[in-house]
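**Student:** Okay, handing you the structure first.
The values are calculated or read from the model by the stated rules, or taken from the named source; none is laboratory data. No experiment lies behind these values; they were computed from the predicted model shown. We place every Cβ from the backbone using ideal geometry, glycine too, and count neighbours over all the protein chains shown.
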Amino acid sequence: MIRHIASLILLGLLPISALAQPQRVAVAKTTSPAAAFAARSPTATKFEVLPANAELHTSDVILALPGATLESKTGAVAVTSLADYDKRSPLPILETALILNPPEKDIDLAFQLDRGRVDITNKKARGSAVVKVVHREKKWTIKLEDPGARVAIEVCGRWPAGSRFKLVNPKRSEKLAEPVASLVLLVLKGSAQVEIGGTAFGMSAPPGPSILEWDSLAGAPQQPKKLTALPDWADPTANLTPDAKKLVAAIEKFRALRAEKPADAIKQFLDSSDPVEQRVAIVTLGATDDLVSLGKALIEAKSLEEWDFGITVLRHWIGRAPGQDQRFYQHLTTARGYTPTEAKIIMQLLFGFSAEELKSPETYEVLIDYLAHEKPGIRNLAVWHLIRLVPQGKTIPYKPNGTLTDAVKAQEAWKKLVPTGELPPPPKK
Amino acid sequence: MKRFTLFILGGLGLFLTPTVASAQFGLPAGAPVIVPSTNPFFYVPKYRYTYGANITAPTLFGQASIGYQRTYISTTNPALWQFVPVYPSWYSTGGSYMSGNPNVRNDLLKQVQLDMAKAQRDAGMGAGVRNQIANQWIYEKGGVVARPDPKFNPEQPDLIAKALAPVDPEQIGTGESLNDLLTAITTVEAKGAKGPSAFIPPSLLDDIRFGGSPAADTLNLVRKAGRLEFPSAFNDPALQKIRAELEKDFAAVASSVQAGKAPGSAKLTKWEATVQRAHDALTPIIKNSTFDDATAGRRFLNQMSNAVKVLKTASASTLIDPKWSAEGTTVADLVKHMNKHKLRFGPAPSGNEEAYLAMHRNLATYLFVLTHKK
């Protein structure tokens, strides 16, 4: 009898124990040169740079450099990561990350698109290919009708201006506030049927119903919109400006260096005198969740531009998914030694201000007050906002790695520019 | 043995069978759930509140419930009603609006509602989520974000029709619809319309806040003399002394204004000096205050500084009508007073929503009388 009971208990416990560990199954492989991809398994803390033709597993967070391509194991579908080199894209794309899902019946490839842009192509010789893309629990089933059919999907999440940081106590099961997210799907070639939430849309490349948008506030996608021609952001590699070409070259250089010396690539690019290479390194630090190194890079920033871009990467980081703001707050209070109040100040400065707050003289007064804060992070964030809100203030000397005395001098100059109780003067035309 | 094995299997079947969550069906009743709108261009918060009583029992195939359940959908939040909690003694304090406990803090819930409504209005004004994200990107790149002027609407409906149109009670608390009525009444009166208007008692006037100008802020402050609401930054021990001085000096000035007289220059000068010292004393406190607390502290002192300037002007003696606190006033006289001093209605403080509803009714009735007189 005891053996019967024991076996029944084991029978019940087996599925539970199996569920606790996500299974890793190879469902795709890279078709790009070495170091185009990096992956982090569920149990790892760091990303591992992948060689050429590496297998890609489910449950791993996969980071793709712009231009990196993977194919499903059957070769039915190819997924290419793309960047917004010239800032033409409707959404700000800094990096692309996805998580491959386990195989499903009648689905050639399934993955969660966490952020960024991917182009999905039907590589079959005949027939349609079906891809399931998940974002924020919304499932998009995309049937690429013909061989060569191709769609682009862009996803981005941010905290809207004026959002308020609220520390959540996980023990009280409080619900997280979420950053808003926007998804754009564009049919680049051929035709596709897109199904979401039980509604299917027939779409095709222009001219025709080519573009579909979704956002986290509305919840349901609107009808596809008709386009007469592909927008200029459809092919981010076409007609590149000189700055964009520099960025393409820097990314390729980074990839090659990372393939050879994975541990040194980021440091080398951070120490580079080329601002484009510095940006590539800073984006990679944010993409790989290396907040310690990102914080160090900000403190040691050699130029205002380098530090300025680091703040942009941080804002992108906290807005890319629910819970990122909480993680960053915890990082500030545990790893960086900020008091809870100081950490909340930083979080609010990263979130930004609403239009109403920008009409209030107190917003500018407090930002100027923060210029004399003991913590460089707070005074630097205050300046980051002030030079955007009051462009005339860009001429006031300020260094992110300067001393408190230097910051107080800058504060005096700012007080003359924006007197107490008054709104800043309008920008000069 | 066979029976025992069957019993164990049956129990496992019961244990492993997914059951319906009992939170929505059992007692106490579920929390009001904010129903999302699928239309980003027009959003009226709706609340789905489910209540009922039943008995649930586990069965081999899941939970079985016998009882009744009713679902109520409304544009007003049942949590604000005094009589809604069907079993008040069973609810605990605290909780959040999504935690299933209906006994929530009304001010937090109201702020969430206002934030959501504002976000939806922003979407409706053409911003949309994509534009919100794009605007953040533009801001990061150092560009200027163009914002649509919500007041500009080339297809704005007739002023009077707009003012008299039904308004969501939640919207009235922002003061916007009261200001629409104020504008419409002023326009109609300017064309010579006259009519009887309702009486507004002192208790109702006391719950109304004004806004839109330094004179309005001064009026609000003067009416609260003796019971000033200091922002939380002033709870710091380093500010206790200056806080007491501010209250004392301000009360000396406010008493004259409340009596319908201009304040003495000596009292004004003393108060002005105290306000300046308070500004200086607040500066070191700001560094250890969150952004919201810091701006609230600065705003409070800026209002005081502006009040000094307003009370130095010739119209200071008439800013407050002494009859308001003793006798009340009529709607027509209130409109006249507000136009004289360029006052607008400000947002309702938490807990004063009913007063704003009453004021809305009074203003709407007066406008109707003016525009529909035989």
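**Student:** Please find, within the stretch A:168-190, the residue that is surrounded by the fewest Cβ atoms within 10 Å (Cβ to Cβ) out of those that are small (Gly, Ala, Ser) and in a loop (DSSP other than H, G, I, E, B).
**Tutor:** Step by step, filter the stretch A:168-190, then rank; the result is A:Ser173.
**Student:** What's the number of the only condition in (1) part of a strand (DSSP E or B); (2) under 20 Å from A:Thr237 (Cβ atoms); (3) not polar (S, T, N, Q) that A:Gly148 fails to meet?
**Tutor:** Only one criterion is unmet by A:Gly148, namely (1).
**Student:** Given the residues B:Pro284, B:Pro349, B:Pro322, which is the only one that is surrounded by fewer than 22 Cβ atoms within 10 Å (Cβ to Cβ), farther than 22 Å from A:Leu423 by Cβ and within 23 Å of the chain's Cα centre (by Cα)?
**Tutor:** Going through B:Pro284, B:Pro349, B:Pro322 in turn, the sole match is B:Pro349.
**Student:** If we scan the stretch A:93-115, do we find a residue that is within 14 Å of chain B (Cβ to nearest Cβ), modelled with pLDDT of 95 or more and in a strand (DSSP E or B)?
**Tutor:** yes
**Student:** Would you mind telling me which numbered condition in (1) modelled with pLDDT under 90; (2) away from every other protein chain (no Cβ under 14 Å); (3) surrounded by 19 or more Cβ atoms within 10 Å (Cβ to Cβ) A:Ala234 fails?
**Tutor:** With (1) modelled with pLDDT under 90; (2) away from every other protein chain (no Cβ under 14 Å); (3) surrounded by 19 or more Cβ atoms within 10 Å (Cβ to Cβ) applied to A:Ala234, the lone miss is (1).
**Student:** Here's something else I'd like to know. Scanning the stretch A:319-338 for residues that are assigned to a loop (DSSP other than H, G, I, E, B) and touching a residue at least 40 places away in the same chain (Cβ under 8 Å), which turns out surrounded by the most Cβ atoms within 10 Å (Cβ to Cβ)?
**Tutor:** Among residues in the stretch A:319-338 that are assigned to a loop (DSSP other than H, G, I, E, B) and touching a residue at least 40 places away in the same chain (Cβ under 8 Å), the one surrounded by the most Cβ atoms within 10 Å (Cβ to Cβ) is A:Arg320.
**Student:** Kindly indicate whether A:Leu217 is within 26 Å of B:Gln132 (Cα to Cα) and either of a type in the set (Gly, Ala, Ser) or in a loop (DSSP other than H, G, I, E, B) (or both).
**Tutor:** Spelling it out, A:Leu217 is indeed within 26 Å of B:Gln132 (Cα to Cα) and either of a type in the set (Gly, Ala, Ser) or in a loop (DSSP other than H, G, I, E, B) (or both).
**Student:** For the structure I just gave you, tell me whether A:Gly157 is more than 19 Å from A:Pro92 (Cα to Cα), in contact (Cβ under 8 Å) with a residue 12 or more places away in the chain and of a type outside the set (Asp, Glu).
**Tutor:** No; evaluated as a whole, the condition is false for this residue.
**Student:** State whether one or more residues within the stretch B:255-277 are small (Gly, Ala, Ser) and either under 26 Å from the mean Cα position of the chain (by Cα) or within 12 Å of chain A (Cβ to nearest Cβ) (or both).
**Tutor:** For the stretch B:255-277, residues small (Gly, Ala, Ser) and either under 26 Å from the mean Cα position of the chain (by Cα) or within 12 Å of chain A (Cβ to nearest Cβ) (or both): absent.
**Student:** From the list A:Thr341, A:Thr403, which one is over 27 Å from A:Val276 (Cβ atoms), surrounded by fewer than 21 Cβ atoms within 10 Å (Cβ to Cβ) and more than 13 Å from every other protein chain (Cβ to nearest Cβ)?
**Tutor:** A:Thr403
**Student:** Just the residues that are more than 17 Å from the chain's Cα centre (by Cα) and either of a type outside the set (Val, Ile, Thr) or assigned by TED's automatic domain parsing to the domain that holds A:Leu314 (or both), please, taken from the stretch A:138-160.
**Tutor:** Hits for the stretch A:138-160 are A:Lys138, A:Lys139, A:Trp140, A:Lys143, A:Leu144, A:Glu145, A:Asp146, A:Pro147, A:Gly148, A:Ala149, A:Arg150.
**Student:** Quick one: in the stretch B:283-342, of everything that is away from chain A (no Cβ under 14 Å) and of a type in the set (Ser, Thr, Tyr), which residue is nearest to A:Ala382 (Cα to Cα)?
**Tutor:** B:Thr313
**Student:** Is there any pair with a first residue in the stretch B:294-315 that is crowded, with 19+ Cβ neighbours inside 10 Å and a second that is small (Gly, Ala, Ser) whose Cβ atoms are under 6 Å apart and which are 6 or more apart or on different chains, and what are they?
**Tutor:** What qualifies is B:Gly297/B:Ala233; B:Leu301/B:Ala278; B:Asn302/A:Gly421; B:Val310/B:Ala215.
**Student:** Just to be sure before I move on: is A:Phe309 hydrophobic (A, V, I, L, M, F, W, C) and facing another protein chain (nearest Cβ under 9 Å) in the structure I sent?
**Tutor:** For A:Phe309, the condition - hydrophobic (A, V, I, L, M, F, W, C) and facing another protein chain (nearest Cβ under 9 Å) - is met.
**Student:** Examine the stretch A:283-295 for a residue that is within 11 Å of another protein chain (Cβ to nearest Cβ), within 20 Å of the chain's Cα centre (by Cα), touching a residue at least 24 places away in the same chain (Cβ under 8 Å) and at negative phi, and state whether such a residue exists.
**Tutor:** Checked against the condition, which is being within 11 Å of another protein chain (Cβ to nearest Cβ), within 20 Å of the chain's Cα centre (by Cα), touching a residue at least 24 places away in the same chain (Cβ under 8 Å) and at negative phi, the stretch A:283-295 yields no hits at all.
**Student:** Picking from A:Thr199, A:Thr121, A:Thr141, which residue would you name as being within 14 Å of chain B (Cβ to nearest Cβ) and polar (S, T, N, Q)?
**Tutor:** A:Thr199
**Student:** Can you name the condition, by its number, that A:Glu365 falls short on among (1) within 11 Å of chain B (Cβ to nearest Cβ); (2) without any contact (Cβ under 8 Å) to a residue 40 or more places away in the chain; (3) charged (D, E, K, R)?
**Tutor:** That leaves (2) as the condition not met.
**Student:** Is it true that some residue in the stretch A:58-72 is within 14 Å of another protein chain (Cβ to nearest Cβ), part of a loop (DSSP other than H, G, I, E, B) and not hydroxyl-bearing (Ser, Thr, Tyr)?
**Tutor:** no
**Student:** Does A:Trp233 satisfy the criteria of being in a strand (DSSP E or B), under 19 Å from A:Ile93 (Cα atoms) and touching a strand residue (DSSP E or B) at 6+ places or on another chain (Cβ under 9 Å)?
**Tutor:** No.
**Student:** So, one more: Do you know which residues across the stretch A:380-400 are of a type in the set (D, E, K, R) and more than 10 Å from chain B (Cβ to nearest Cβ)?
**Tutor:** Residue satisfying the conditions is A:Lys399 alone.
**Student:** Inspect all residues belonging to the stretch A:260-271 and state whether any of them is in contact (Cβ under 8 Å) with a residue 24 or more places away in the chain and touching a His at 6+ places or on another chain (Cβ under 6 Å).
**Tutor:** no
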